[in-house]
Amino acid sequence: MQELVIRIRENEDESAFNELYEKHAHKFFRFAESFVGEREVAEEIVNDVLVRLWVERKENLRIKNMQVYLYTSIKNASLNHLRSISSKRNNEMKVTEAYYFHLSVDPSQILISKELSDNMLRAINELPARCKLIFKMVKEDDLSCKEVASILGLSDKTVFAQLAIALKKLDSAIHSK
């Protein structure tokens, strides 16, 4: 991602921006949707953040880790959206429950039995909301614990502890069935 960002900043390279969008937008959509619970709203939020990245490309020189910056911007935009509609309904429970689990299909996944996959999915869905969100950000989106902590405004230790809890619960769910 950093190479694309450099091409966008320094060369105003539209093809680099398009490539960044194509490679990363789906992760950002899922992340935003975990907050707002609606695919269309999530896409609008992500598109706004990415357009702002393009428009302000020259001003973003101080940003050291663009991935964390984008996740944080999407989180903040999502929370702002929720605040703007909170008088109409209570979204607190929707914020983290909407984040869904998606098993990617690769050779190792094919070897896992249907029953084991079902047990794993069930165990992940039974995790507490914050624990589930942290687990998915680390395992699905390949973010480090430190990056997740920065995005969610938590301490590194809290993220690490939540991830340990998730892994322990998943391990016991898989081995007990």
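For the stretch 114-154, carbon and sulfur atoms together expose 51% of the accessible surface, with a 1.4 angstrom probe and every protein chain in place. Annotation note: GluC sites (Glu not before Pro) in the stretch 1-34 located in DSSP loop regions with a Cβ neighbour count of at most 15 within 10 Å are Glu12.
By the Cα gyration tensor, the stretch 116-177 has an equivalent ellipsoid whose semi-axes, rounded to whole angstrom, run 22, 11, 9 from largest to smallest. Summary of the geometry: the stretch 1-72 and the stretch 154-176, compared by the centres of their Cα atoms, lie 29 Å apart. An ellipsoid equivalent to the stretch 12-62, defined through the eigenvalues of its Cα gyration tensor, has semi-axes of 22, 12, 8 Å when rounded to whole angstrom and sorted largest first. Under the simplified labelling scheme, the Asp171-Met1 pair shows an inter-label distance of 2.9 nm, with each label point 7 Å from Cα along Cα→Cβ.
The values are calculated or read from the model by the stated rules, or taken from the named source; none is laboratory data. Not measured: the values here are computed from a predicted model. Every residue, glycine among them, receives a Cβ derived from its backbone with ideal geometry; neighbour counts consider all protein chains shown. The area values use the complete protein model at the heavy-atom level, side chains included, leaving out ligands, DNA and RNA. Shrake-Rupley method; radii C 1.70, N 1.55, O 1.52, S 1.80 Å.
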